[in-house]
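A quick write-up on the structure given underneath.
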Amino acid sequence: MATENALLKLVAMESEDLAIISAHLQDAVAKVGEMAYLPAEKRFAMVVNRFDWIAASEQEKAVRRRAGLHFERVLSARIRNLDLKTRKRS
């Protein structure tokens with residue numbers, strides 16, 4: 001099974017679904033500049049580089065994939081231990 005161009009689309013409709021998304025985002029890294037809270041749209045969005053466990057097991061090497069993630073109906077967001085001035089740091 002070739003996974004190089006395979007897309008993974010996950011949707012969480014219930015809190016239990018977040019466990020699946022969390023598993024796919026394990027070891028993911030993100031840059032501060034690739035995170036955004038959009039209060040007018042009630043959305044928090046970010047781009048991460050996630051570890052693709054399936055491709056890694058097939059190819060026997062580490063594979064990172066770019067992934068977009070967003071949460072809808074977000075009423076507020078807080079920042080803790082992040083310096084927004086360092087937008088390129090992960």
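With the requirement that a residue be of a type in the set (D, E) and assigned to a helix (DSSP H, G or I), what does the stretch 16-49 give you?
E16, D17
Quick check on D17: is it over 21 Å from R78 (Cα atoms) and touching a strand residue (DSSP E or B) at 6+ places or on another chain (Cβ under 7 Å)?
Judged against the criteria, D17 is not a match.
Being surrounded by 12 or more Cβ atoms within 10 Å (Cβ to Cβ), among the aliphatic types (A, V, I, L, M) and in contact with a helix residue (DSSP H, G or I) (Cβ under 9 Å, 6 or more places away or on another chain): is that true of A12 here? Give the derivation first.
Values: surrounded by 12 or more Cβ atoms within 10 Å (Cβ to Cβ): yes; among the aliphatic types (A, V, I, L, M): yes; in contact with a helix residue (DSSP H, G or I) (Cβ under 9 Å, 6 or more places away or on another chain): yes.
So A12 passes the test.
Out of A36, A45, I need the residue that is within 13 Å of the chain's Cα centre (by Cα), over 18 Å from I20 (Cβ atoms) and at pLDDT 95 or above. Which one?
Working: A36 fails: at pLDDT 95 or above.
Matching residue, one of A36, A45: A45.
Here's a check for you: in the stretch 26-49, which residue that is out of contact with any strand residue (DSSP E or B) (no Cβ under 8 Å at 6 or more places or on another chain) and free of Cβ contacts under 8 Å to residues at least 40 places away in the same chain is surrounded by the fewest Cβ atoms within 10 Å (Cβ to Cβ)?
Top of the filtered list is A40.
Name every residue in the stretch 50-77 that is part of a loop (DSSP other than H, G, I, E, B), modelled with pLDDT under 90 and exposed (fewer than 13 other Cβ atoms within 10 Å of the Cβ), in order of residue number.
Listed by number, the residues that qualify are E60, K61, A62.
The values are calculated or read from the model by the stated rules, or taken from the named source; none is laboratory data. Since the structure is predicted, the reported quantities are computational estimates derived from the model, not experimental observations. Using ideal geometry, Cβ is built from the backbone for each residue, glycine included, and neighbour counts are taken over all protein chains shown.
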